[in-house]
Amino acid sequence: MKSPSVCFVSIPIYHLLAESADSRFCGGAELQQLLIGRELAARGHQVSYVTLDHGQGREQQLGRFRVLGAFGQGDGLPGVRFFHPRWTGLWSALRRADADIYYLRGAGFQLLPIVMYAKSAGKRVVFAGASDSDFDPKASNVKHDVYRTMYMMGLKFVDAVVAQNQIQASRVHALLGKTAPVIHNGLSDSPDRYSEAKDVLWVGNIRPSKSPERFVDLAAALPEHPFVMVGGLMGKTQYPVGPTTSDGTAASDMENIRYTGYQTPDEVRHQYGRAKVLINTSDVEGFPNTFLHAWSWGVPVLTFVDPDSLVANNRLGWVVGSPEEMKDVLGRVLSGELEYSPEHIAGFFRENLMTSRQADRYQAVFADIVGA
């Protein structure tokens, strides 16, 4: 039986596909869709992407992928551009893709027009959660009540929902009465670890939901240790001088913290290789890609969130409940009181969290819905 063709609908992903400097505007959801797409293409699936049109035109071939431009960022007239060219352009790109399965990751109003097109054309739709809030109508990141309503309507009619963790799976069941298979995020390679590991590392977009000030507070409390913070500014009005402590001291004014700003994927990759521990300061996540990168290098994580208790149950780091507890545990890690095994962590990653494992599970989902 021929492998079903798959179209990823990801408006922001173009720069990542094209490997351009503007890939800084792509996040973990886009990276996962690229990695899954590569693995599926290697297994014989025809893979395409519907993206924003940045001037590349209606269709472009990038490696194995067809890339279909839906609409330009500034196209159309205010007040009507939602319908034309955004809705019409999206439908046109979906039609040109002519895929068996359309895949959307993360909550967005686009889900409703995707579902409507698919139902009219005899296609299937898979929605994958990107954050726990995607399945909480009150906490959804979708702006505007109309867009949120469109997203929730579309969610009711998708052919399959994929969760990143058991919290999401339970919310899907409560919200929709559907069973959502859990497919954790993954990476496609496991590098050799550098011999010297000393940095306390934080990686993410500098925005309120990531609570970057907690990391800078840690650096202020442990001035004898080197801290490295990687991430581009998101919402400059909230961080006019970059990341700061909770009382407003700028990271740039502290001797033991190096703030790099945005870095390319290759540059960030080497930061993990020099890290002793990765810090996650968010209160809400889906399945952080930063965890995967750290574990692939054998680096433990210190975190408030623990998707499916992977950290606690598999000796992949430490889970804490407050900033004070995080400071205490970090001090014990840096002093050598709390030990960990890089070999065990990297081995767990290779066994359970490679993209090839993801692709196996997605192919099972595809087989279920295409054969329905």
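Overview of results
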item	result
Square roots of 5 times each gyration tensor eigenvalue, C-alpha, segment 102-234, largest first, Å	37, 18, 13
Rotationally averaged projected area of segment 199-352 (alpha carbon convex hull; nm²)	8.5
Segment Ala250-Ser170, length gained on full extension (0.36 nm per residue, minus Cα span)	24.8 nm
Charged-residue dipole, Cβ positions (Lys, Arg, Asp, Glu), the chain about Cα centre, Debye nearest 20	1580
Listed pairs Lys123/Lys210; Lys178/Lys210; Lys119/Lys178; Lys143/Lys327; Lys119/Lys210 exceeding 27 Å between Cα atoms	Lys123/Lys210; Lys178/Lys210; Lys143/Lys327; Lys119/Lys210
Compactness of the chain, expressed as Rg and Dmax over alpha-carbon positions, Å	21.0, 63
Furthest towards positive pole of dipole, Val228, Ala359, Ser246, structure part the chain, Cβ charges	Ala359
Spin-label pair Arg95/Val370, simplified geometry with 7 Å Cα→Cβ offset, distance in nm	2.4
Segment 114-186: C-alpha gyration tensor shape, a/c 1.5 cut-off, then a/b vs b/c	oblate
Taking the convex hull of Cα positions in segment 1-160, its mean projected area over all directions (nm²)	9.4
Listed residue (Ser48, Leu310, Asn289) projecting farthest to the positive dipole end of the chain, Cβ model	Ser48
Relative contact order (percent, whole number), the chain, Cα cutoff 8 Å, 6+ residue spacing	14
GNM result for the chain, Cα springs below 10 Å: residue of Ser92, Ser356, Ser120 fluctuating most strongly	Ser120
Separation in nanometres of the label points that stand 7 Å from Cα toward Cβ, at Asp283 and His54	3.4
Beta bridge orientation in the chain: antiparallel %, DSSP, nearest 5	10
Among beta bridges that DSSP assigns inside segment 199-352, antiparallel share in %, nearest 5	5
J(HN,Hα) series, segment 75-87, from Karplus relation 6.51 cos²θ - 1.76 cosθ + 1.60, nearest Hz, glycine and proline x	5, x, 9, x, x, 10, 5, 4, 7, 9, x, 6, 5
Ranked packing of 287-293, 157-163, 141-147, 183-189, most packed first, by mean Cβ within 10 Å	287-293, 157-163, 183-189, 141-147
Computed label-point distance, nm, for sites Glu337 and Arg81 using a 7 Å Cα→Cβ extension	5.6
Pairwise centroid distance, computed over Cα atoms, of segment 58-119 with segment 134-172, Å	19
Segment Asp189-Lys119, length gained on full extension (0.36 nm per residue, minus Cα span)	21.5 nm
Dipole-positive endmost among Leu104, Gly72, Leu94 within segment 1-139 (Cβ charges, Cα centre)	Leu94
GNM result for the chain, Cα springs below 10 Å: residue of Arg171, Arg81, Arg350 fluctuating most strongly	Arg81
GNM top mover of Ala346, Ala220, Ala130 - the chain, alpha-carbon springs below 10 Å	Ala220
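Values quoted throughout were computed directly from the atomic coordinates according to the rules given, and no laboratory measurement underlies them. Just so you know, these numbers come straight off a predicted model, no measurement behind them. Heads up, the Cβs are rebuilt from the backbone with ideal geometry, glycines too, and the neighbour counts pull from every protein chain shown.
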